[in-house]
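What follows is a single structure, written as structure tokens, with notes after it.
The values are calculated or read from the model by the stated rules, or taken from the named source; none is laboratory data. These numbers come from a predicted model, not from an experiment. Cβ sites come from the backbone with ideal geometry, for glycine too, and all protein chains shown count toward neighbours. Calculation scope for accessible area: heavy atoms of the full protein, side chains included, ligands and nucleic acids excluded. Shrake-Rupley method; radii C 1.70, N 1.55, O 1.52, S 1.80 Å.
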Amino acid sequence: MISGTAGVGKTALALHWAHRHRDRFPHGQLHINLRGYDPDEPLDASEALGAVLRALGTPGTQIPAELDELAATYRSLVAGRRLLVLLDNAMSAEQVRPLLPGTPSTAVLVTSRDSLAGLVARNGARRLTVDRLPVADAVVLVQSLVGVRAEQNPSWATVVAQRCARLPLAVRVAAELTAARPATPLETLVAELNDEHRRLEVLDAAGDPRTAVRAVFSWSYHQLPGEAARAFRLLGLHPGPDLELYGTAALVDTDLGPADAVLATLARANLIREIAPNRFEMHDLLRAYAIERCTDTDTENDRRQAQTRLLDHYLHSAASAMNVLAPAQARRRPGVNTATTPTPPMHDATTARTWLDVQRATLVTVCAHAATHDWPAHATDLAAVLGRYFQLGGHHADALAVHTHARRAAAHNDDRLGEARALDNLGLAHRAQDRYLQAAEHHQQAASLFRAAKNHSGEADALINLGAIAWQRGQYADAAADQVRAVQLFRDCGDRSGEAWAVSALGFLRRRQGRYREAVEHHRRGLALFEGLDDGVGEAYTHASLGLALARLGRHEQSMAHHRRSLVLFRDNHDRSGEAYGLGNLGLLRCVQGHLTEAAGHHRQALDLAREIGDRAAEAYNLDDLAVVYRRQGHLALALDYHQDSLALCRAIGESPGEAKVLNGLGETYHASGQPASARERHSGALELAARIGDRYEQARAYHGLARCLRAVHDDVAAERHARDARALSAQFDIASDLAAPGTGSVGG
């Protein structure tokens, strides 16, 4: 742990040490700025852990919401790894403790202005206190930065070093200003600096070294041209982790050329630092000083207008990006006023997605700032605009943070529609992380608020989401009621895009209920509604589900065409969860057609992708489907292992339809292994579960499996009874021929 006063060079020392010893940490180094002394809000432990997990490659869907779960996931990830975790600018021991890995292989380096005595006493930290530079070293730093003039005038360099309180940050700012004014006599420069010190010493008689830092900042600030000085003040109001050209133009209320010029001026003066091409950060001491100057110089109205322009900029830019990525959903997003300052061009989907990815951390921070600093409408609108981006990109931890802020802001502002949108989006984020009960509660609350506001499209959206959770939990009747109601609401209000999604969702459910002809009709109606809407994601899911329904009816060539089309659309729209879904569907169909090697390849790709993005439902289904392929290839022990892994995952996430499917698969594999008693037990479990949730396909499949088991032990009477039950169910919904053939598995999840 490195402690010391502000500006003493703690971060520079930590980074220098980390660079020199990088060979000791072959698994990498993580640098997290905890913003402990930021003028706005420090990074809390949950946010920091989320950032660490993302940096370690954890998909958004696998990042928990609760602090204890975050810390546990983090510790399991780093166990055994030789990593360096640099926790920069910590405020307290409580902020740091959840980020301690608890494994000797991972080193943690903490920097803080506080001594963090609790970490030393309770956690065994070793403290290195960094003092201000010795006079001689401070003089050498001045001379190295200023050059020949300072080398030829060591007494002048000594005065400057002392006036800068021997703090490296202040020395660099003062030296840069001196070097930038080569025609000004050194004596004049010292006199100016002395004046600043005397003025600030009157205000602060405590002798705090930071008074010297403020004096140096003030000296440098007063030398800035007028527009650069104003820009410096206003940039202190930016709540995000970094600054860029368009945000600067918004704060300063200018065009890109002048904004670029002031950024260059401030960077040359060491008042901001370039951390990436065209991206800058401001030291928290400098930001505090900028806010201080802004409060003293600019009116409250000026400050309010500057921050409003900045929020308008991010809201308009995010909306423009989403209009490119998801144009068909534009009507479902709140209307956004045109920004009054330049915004980045969104030429195509790649440009839009790149902008959102680069700005994601800033957008999350900006939304939180708007919610907590009396811009509630900006918070709710920005959250609603970004909802689809977070959902498709798997950024569910960010979604939870943003939509929670939006919900609070909307409730505080008595904005019922904003609150309803935030609740619906919170439900989607919880569902993506397999928290079905919380998700259903949020969607139900959203539906009630939309209904009270007579917003039929919003209510229908919430009902679609409720229906999806209901079928995942095996509540098919409830799901059907929600979906039918959603279709009618969309039709009543003339929302064609919403109707397309609702009709397709109802088709998906009908397929799960074994009503394949109805499912095909719904999906074809959905595709007709999607025509001309430019909604590639909606079309992709409809093609995929239509392909599965057609396969159940034995129309394999038609099914293949729809599956291939869905996969192209998923990839074109960068829907990675959908891509895993599409690959798995192709594997299912190729397995039924007997192309087992090709089927296994599709399922392995889908499984790898599902694990990468954290889609545990897709992982469970593809584990089971791979087990079917291995069974048909004669690898029975391997098939049993994959079935068991899939069953454990389905039970962990509450995926009842998947559990019924896997139990039947286990029964078929045990039967193929010559274990009829074990097979009968699994089919009986599948029958009970499928009957309870209304999955008639898995019911029929279980009856067939039980009939096979009973024939194996020569109980032909009971076997024939189960076979009749299977035929009766099959006759109700035109089941495909693959069901009765042992070892083929189930087409579609």
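Miscellaneous remarks
- Ranking of 671, 27, 316 by solvent-accessible surface, largest first: 27, 671, 316 (1.4 Å probe, protein heavy atoms only, all chains present).
- Here the peptides 608-621, 541-554, 295-308, 76-89 are ranked by packing, the mean other Cβ count within 10 Å, and the order with the highest first is 541-554, 608-621, 76-89, 295-308.
- Short-range pairs are left out: with C-alpha atoms under 8 Å and at least six residues apart, the relative contact order of the chain is 8 percent.
- Karplus-derived 3J(HN,Hα), 6.51/-1.76/1.60, for each residue of segment 357-367, Hz, glycine and proline x: 5, 5, 8, 4, 4, 5, 4, 4, 5, 4, 5
- Relative contact order computed over segment 557-611 (Cα-Cα under 8 Å; 6+ residues apart), in percent: 33 percent
- For peptides 569-576, 588-595, sequence by mean Cβ density within 10 Å, most packed first: 588-595, 569-576
- For residue 224, net neighbour charge (Lys/Arg +1, Asp/Glu -1) across residues whose Cβ lies under 13 Å away: +3
- Debye, to nearest 20: dipole size of segment 1-156, +1 on Lys, Arg Cβ, -1 on Asp, Glu Cβ: 680 debye
- With the biggest extent put first, the Cα atoms of segment 70-171 measure 58, 25, 19 Å across the principal axes.
- 0 to 90° range, to nearest 10: angle between helix 284-297 axis and the chain longest Cα axis: 70 degrees
- Amide H contacts of residue 593: none lie under 5 Å away among residues 5 or more positions distant or on a separate chain (H built 1.01 Å from N in the peptide plane; Pro and chain starts excluded).
- Lys, Arg +1 and Asp, Glu -1 on Cβ, resulting dipole of the chain about Cα centre, debye, nearest 20: 1480 debye
- Once the Kirkwood radius over Cα pairs is known for segment 436-561, the Stokes-Einstein relation at 25 °C and 0.890 mPa s delivers a diffusion coefficient of 168 µm²/s.
- Restricting segment 90-137 to trypsin sites (Lys or Arg not before Pro) that sit in a DSSP loop and have at most 13 other Cβ atoms within 10 Å of their own Cβ leaves 126.
- The string of couplings for segment 2-11 from the Karplus curve (6.51, -1.76, 1.60, θ = phi - 60°) is 10, 10, x, 5, 4, x, 7, x, 4, 5 Hz, one whole number per residue in order, with x for Gly and Pro.
- Per-residue ³J(HN,Hα) for segment 554-560, Karplus 6.51 cos²θ - 1.76 cosθ + 1.60, θ = phi - 60°, Hz, x for Gly and Pro: x, 8, 6, 5, 4, 4, 4
- Compactness of segment 514-659 as Cα Rg over 2.2 N^0.38 Å, two decimals: 1.04
- Relative packing of 417-429, 223-235, which averages over residues the other C-beta atoms within 10 Å, highest first: 417-429, 223-235
- Taking amide H positions as modeled 1.01 Å from N, with prolines and chain starts lacking one, the residues under 5 Å from residue 91 and 5 or more places away or on another chain are 36.
- Note on segment 431-496: with charges restricted to the Cβ of Lys and Arg (+1) and Asp and Glu (-1), its dipole about the Cα centre is near 60 debye.
- Per-residue SASA entry for residue 21, accessible area with 1.4 Å probe, Å² rounded to 10: 50 Å²
- Treating each Cα of the chain as one equal point scatterer and applying the Debye formula with no solvent, the log10 of I(q)/I(0) at q = 0.06, 0.07, 0.10 Å⁻¹ comes out as -0.47, -0.61, -1.03.
- Value at 222 nm in deg cm²/dmol, rounded to 500, when DSSP H runs of n ≥ 4 in the chain each add -39,500 (n - 2.57): -22500 deg cm²/dmol
- Solvent accessible area, Å² - residue 351, 1.4 Å probe, full protein context: 50 Å²
- The GluC sites (Glu not before Pro) of segment 26-109 meeting both criteria, a DSSP state outside H, G, I, E and B (loop) and at most 13 other C-beta atoms within 10 angstrom of the site's C-beta, are 66.
- Figure note: 524, 696 ranked by solvent-accessible area, largest first, 1.4 Å probe, ligands and nucleic acids not counted: 524, 696.
- Residues whose amide H falls under 5 Å from that of residue 30, counting only those 5 or more places apart or on a different chain, are 84, 85, 86, with hydrogens built in the peptide plane.
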